[in-house]
Structure formats: C-alpha cells, structure tokens
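Since the structure comes first, as structure tokens, the remarks are kept for the end.
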Amino acid sequence: MNTTRNYEYSLEIIEPKLFSSAVADEIVASVNEAISERGRATIALSGGSTPGAIYRLLAMPPRVDEIDWSKVALYWGDERWVSQDDNQSNYRMVQETLLSQLGERQPKVYPVDTSLDSPEATAAAYESLIRETEKCKAGAMPEFDLMLLGMGEDGHTASIFPDSPVFESETGICFAAKHPTDGTMRISLSPQAVMAARQILFIVKGESKAEMVERVLRGNEGEKALPSSIYRRAESRVSWFLDSGAALRVESARG
Ligand code: 6PG
C-alpha cells in the first residue's frame, strides 16, 4: 500500500558521475547563504565512505575559492571512538580529503576528542564544547547551519542505530553509541540535535541503499526501527540527495 502524503522535503536524483559535484555545489550555496545571513557557517560533517569525494571537491578550485573558510566552523555529526590517526576515524577522513588540502585557508575545526577515558566522557565533553562554541542556552539545541548525513543499509544515520536507547532520553546533544553488529563505540549527535539544524542534507548513493531509501521516505516504520526516519521531524528543512541507484524505488515510496 502506498501511503501518499504531502511532501515538504526536497529530493534531488542525480546521475552517479555528477553526484559528488552536485552535492558539493549545494554545500557551497548553503555555506555562503549562512555567511551572508549570519556572518558565519557551521557545518556538522558526515562520516562514512560517501562524503570523501565531496570533501575533496570542496578543497579544490573552483569551489575552494568560493567559500570564505575563515568564517566556517566544522563539527562532526558522529565519530568512531578511535584515535584520530586510526583509519576508521572520521576526523582522519576529513583531514585527508579536506583539511590537508586547504593550505592557508583556516576554518575553525572542532573534532571529537577521542583521547578521553570513555565514550561517555567523550560524548559529554563534545556536548560541552558545542554548548560553549555555539552559545547554546541550557536545554537548547545548537542550530548548525548545515547537517550532512549519510544513511546506512539498516536505516541508521550519524551513529543513531536501530533501537538506540537515545530515543528514550531526548535531552542531550551528544551520546555514546554502540555499533549493533561490530560492537565498536561511537560518539554521535542525538536525533534532536541533528534535526535542529537549519538545513539537513541526506547524501545517499548506491543501489544497495534503494530499498532502505524507499522504506524511510515512506516514513511509516517509526524512528527506532529506521532512525533516518527522524527526517520527518522537520521535513521542510531536509533535502535528500540521491544518486540514481539509491533512488531506484523512490516513486513507489512517494505514492
Ligand atoms: C559513519 C557515518 C554513518 C554513515 C552511513 C553511510 O560514521 O559511518 O556517520 O552514518 O554516514 O553509515 O555510510 P557510507 O557513506 O559509507 O555508505
């Protein structure tokens, strides 16, 4: 049964070879809009394998010269609880694909400090850092200008995994997460922090994600089952950027 409903989110379907450049252009536009409106741009970066090519394009002409990097602040939407030089580190991936290519251009960079004693302490420290740098009032969420998100084949986003206990305690900005299959620990922004952003970009490519994209866009399986369904909390601020593989079953989802 196709549930048809009004859609407030935007959805772009892009040929695979044009995908990274289309997303990079959207990021440039979003960053420059934030800078022109508020004098700065805050970005929560996604990890995983999809965004690396996009970050590389942002660090190259012409796009690298289209952003005033001194007015950009970079955060991480989630991080693996590993050292920053570990090949699993999202910080390392951003360092290699973006930061190391920026030369004299100096954004403010706020990585997760994974040197602390526990994932819980790390999450608490990152939450304190964000509250301080983003001047969050007590109990309020930071409003990142741009939230970049991937989606796993199980429907997770950031490190908000299916059945995550974070859905029971909707108060904090960051939490410590356990990967459901490999048991590794991560630090993640919470659903409420993710969805408080001014613009939320889901960046999903590959046919392997098509079924999950359909299920999430249909939006009737609940957030705990499919955490990417949190997009429905603020559809009007959400854009889905899909390559043609990930979008194979979109029409059936949208009814
Ligand atoms: C991470 C990401 C995670 C990722 C999805 C999609 O740290 O791995 O935050 O949420 O975005 O798992 O990953 P791919 O881009 O590799 O498909």
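Summary of computed values
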quantity	calculated
Inter-residue pairs, beta-carbon under 6 Å, first farther than 12 Å from Gly77 by Cβ and in region 145-158, second at pLDDT 95 or above and among the basic types (Lys, Arg), 6+ apart	Asp145/Arg198
Out of Pro191, Pro107, Pro142, sole residue that is within 14 Å of the ligand (Cβ to nearest atom) and touching a residue at least 24 places away in the same chain (Cβ under 8 Å)	Pro191
Options Leu116, Leu102, Leu98, Leu58; residue that is at pLDDT 95 or above, farther than 18 Å from Ile43 by Cβ and in contact with a helix residue (DSSP H, G or I) (Cβ under 7 Å, 6 or more places away or on another chain)	Leu116
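The values are calculated or read from the model by the stated rules, or taken from the named source; none is laboratory data. Please read all numbers here as calculations on a predicted model, not as lab measurements. Glycine gets a Cβ as well: all are built from the backbone with ideal geometry, and neighbour counts include every protein chain shown.
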